[in-house]
Amino acid sequence: MTLQPDRATRAEWTKAVDGFVDDFIEGLETAPASTSGDIPVFEPPAETPGELTDLLDRFAAAAAQAVETAGPGYFAYFPAGGLFSSVLGETLAQVVNRYTGVASTAPALVAMEQSVLRWMCDLFGLPAGSGGLVTSGASMATLSALCAARQPGGTVYVTAHTHHCVAKAARIAGLTAAQVRVVPVDSSLRMDTSAAASMIEADRAAGLRPFMVVGTAGSTSTGTIDPLADIADLAERCGVWFHVDGAYGGAFQLTSRGRALLDGISRADSITFDPHKSLFLPYGTGVLLVRDEAALRAAHVADGDYLQDLDHGTGLPDYADLGPELTREFRGMRLWLPLHLHGVAAFRDELDEKLDLAAHVHRSLSADPALDVPLSPDLTVVVFRSARGERATGRMLERINGTRRVFLSSTRLDGAHTLRLCVLSHRQHARHVDELLRVVHDAARAEWAS
Ligand SMILES: *Cc1c(COP(=O)(O)O)cnc(C)c1O
């Protein structure tokens, strides 16, 4: 056995993997939304070769023991599903195994990736000189944005509904907890921008150095959008970096409803958004866009003697200079292939469908006297509680997830246990939402009656 399979062996392996892929995807419609069981023990690798079919069986069993994040019953956190076309793109990128940390080693592929990033900058209305980076997710993108914006001894402004990746990035970057300032929200959970202005002014008068304000374009708990245009005004007036966390909501800029809701996003200094959420891609794909690519480069550029032969004169960005990673795969392919293969309209239509479905869910849950629905959705997250209170709400979640037809998660709003669901997967359509509603109404009635 060598490490280089011949053509016949490759064909046999590919066929075996293809068989698994087909069974898996075809089975998603009826697969349980979650499973439980004992975690198996895996032996260390043997000195001698194994059988692919046997190894695939073990993989399949391990993959089945999971929350079915790829299936249509997954309404927890942010469902995305994982587009098959993106999986193929990723496979192709890995087969050619091109290095894209420095553009000159695969300039045409970097130009391909760059064409996707340029399209995204244009989508958000960022000017010439803007740029970005495909990352593994919004957390890594946020870390790089914060590093590009930061000032020594500076403070950053968030709300209690800002994703914790901002505070985490601040901590990794060496800021203290006190340098992350929490601005109050209004009754609809949006940043109170006049409170933010007062805080920034008072902090500056006290000798602190405010450097960044974060607006969320679709919060994780409720999908709420901060007043981005007001925050842009504030940032401009105060001379601070305006970061928009659009990890979940950013992609709705493709739709006309989303574009209206995200008004002001084009004035951001940096934007994160997660194609592994709202563009339905497999996990591991985030994007950072910055108004001034040079600021991102200044925060990350580094060099070593062993890199002296690399040509930096392609006119394309060297992605290694824009983020923490030196070695990187051709990460753009997992975006480029689906966007070109399906066309942008397919993504817009899918997101519009999710907005309609979430509005339908909100109407249906609001009409149920056994439920308390505290907010109208800005995008596709809907929050609700049992009208019977805190404990009943917790039991409702157990009932709902216990059906194993759907899987939901929960959060806390004003201290109260609140269930949340998000319609986002490309595998979720009206019939799946109807089943979700049946399960939720049944659980609400059961708690009401108990
Ligand atoms: C998911 C999410 C993040 C974190 O993104 P990862 O891709 O999980 O690192 C940040 N902000 C918001 C609003 C999110 O929903």
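The values are calculated or read from the model by the stated rules, or taken from the named source; none is laboratory data. The shown structure was predicted, so the numbers you read here are calculated from the model rather than taken from an experiment. Neighbour counts run over all protein chains shown; Cβ positions are idealised from the backbone, glycine included. Accessible surface is based on the protein model in full, side chains and every heavy atom, while ligands, DNA and RNA are left aside. Shrake-Rupley method; radii C 1.70, N 1.55, O 1.52, S 1.80 Å.
What ranking of MET140, MET112, MET396 comes out by heavy-atom accessible area, probe 1.4 Å, highest first? Mind dumping the intermediate values first?
On the way: MET140 75, MET112 45, MET396 0 Å².
Largest to smallest exposure gives the sequence MET140, MET112, MET396.
So between ARG58 and ALA302, what do we pick up on full extension, going 0.36 nm a residue minus the alpha carbon distance?
Details: separation 244, 0.36 × 244 = 87.84 nm, distance 4.27 nm.
Answer, rounded to one decimal: 83.6 nm.
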Taking all pairs of distinct alpha-carbon atoms in segment 344-449, Kirkwood radius in angstrom: 14.0 Å
Residue order for THR418, THR69 - accessible surface, 1.4 angstrom probe, largest first: THR69, THR418
Under 13 Å, Cβ to Cβ, from SER366 - net charge with Lys/Arg +1 and Asp/Glu -1: 0
Solvent-accessible area of CYS238 with every protein chain in place, 1.4 Å probe, in Å² to the nearest 10: 20 Å²
Those lysines that a straight Cα-Cα span of less than 29 Å connects to LYS168, excepting residues fewer than 8 apart in one chain: LYS277
Other-chain or far-sequence residues with amide H under 5 Å of THR155's (modelled H): ARG209, PHE211, MET212
Heavy atoms of PHE84 accessible to a 1.4 Å probe, total area in Å² rounded to 10: 90 Å²
Estimated vicinal HN-Hα couplings, Hz - segment 65-72 in sequence order (Karplus 6.51, -1.76, 1.60; Gly, Pro = x): 8, 6, 6, 7, 5, 8, x, x
Total formal charge among the other residues, if their Cβ is under 10 angstrom from that of PRO317, Lys/Arg +1 and Asp/Glu -1: -3
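Output the antiparallel fraction of DSSP beta bridges having both residues in the chain, as a percent to the nearest 5. All intermediate terms of the calculation are to be shown ahead of the outcome.
Numbers: 22 of 39 bridges.
In the chain, DSSP labels about 55 percent of beta bridges as antiparallel.
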Residues whose placed amide H lies under 5 Å from that of LEU371, excluding near-sequence neighbours: ALA387
Cα gyration tensor shape for segment 202-347, rounded if a/c is under 1.5, else prolate or oblate: oblate
Rough spin-label spacing in nm, given labels placed 7 Å along Cα→Cβ, for GLU29 and VAL95: 2.9 nm
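I'd like to verify something in the chain: which complete DSSP H helices, judged by Cα projection on the helix axis, reach 20 Å or more and average at least -0.5 on the Kyte-Doolittle scale? Could you put the intermediate results ahead of the total?
Details: long enough: 7-27 (30 Å, -0.46); 107-123 (24 Å, 0.67); 344-366 (33 Å, -0.21); 430-449 (28 Å, -0.28).
Qualifying helices, which must be both long enough and hydrophobic enough, are 7-27, 107-123, 344-366, 430-449.
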Separation of the HIS441 and ARG257 label points, Cα + 7 Å toward Cβ, nm: 2.1 nm
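Within a Cβ distance under 13 Å of GLN94, other residues only, what is the Lys/Arg minus Asp/Glu net charge? Intermediate values should be presented prior to the final figure.
Numbers: positive: ARG98, ARG328, ARG331, ARG334; negative: GLU90, GLU329.
Net local charge, GLN94 excluded: +2.
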Most fluctuating residue given options ASP378, ASP233, ASP309, as computed from a GNM of the chain linking Cα atoms under 10 Å: ASP309
Calculated Rg and Dmax of the chain using C-alpha coordinates, Å: 23.5, 74
For the chain, built as a Gaussian network whose Cα springs stay under 10 Å, the top-fluctuating residue of GLY249, GLY37, GLY402: GLY37
Separation in nanometres of the label points that stand 7 Å from Cα toward Cβ, at ALA178 and ASP22: 6.5 nm
Choice from ALA76, ALA128, ALA217 showing the highest fluctuation, given a GNM over the chain with Cα pairs closer than 10 Å: ALA128
Solvent-accessible surface (1.4 angstrom probe) belonging to TRP241, in square angstrom, nearest 10: 40 Å²
Those aspartates and glutamates that a straight Cα-Cα span of less than 13 Å connects to LYS15, excepting residues fewer than 8 apart in one chain: ASP23
For segment 91-342, share of DSSP beta bridges that run antiparallel, in % to the nearest 5: 40 percent
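Quick one: what do you get for segment 307-380 if you divide its Cα Rg by 2.2 N^0.38 Å?
Values: Rg = 22.2 Å, N = 74, 2.2 N^0.38 = 11.3 Å.
Working it through for segment 307-380, the quotient is 1.97.
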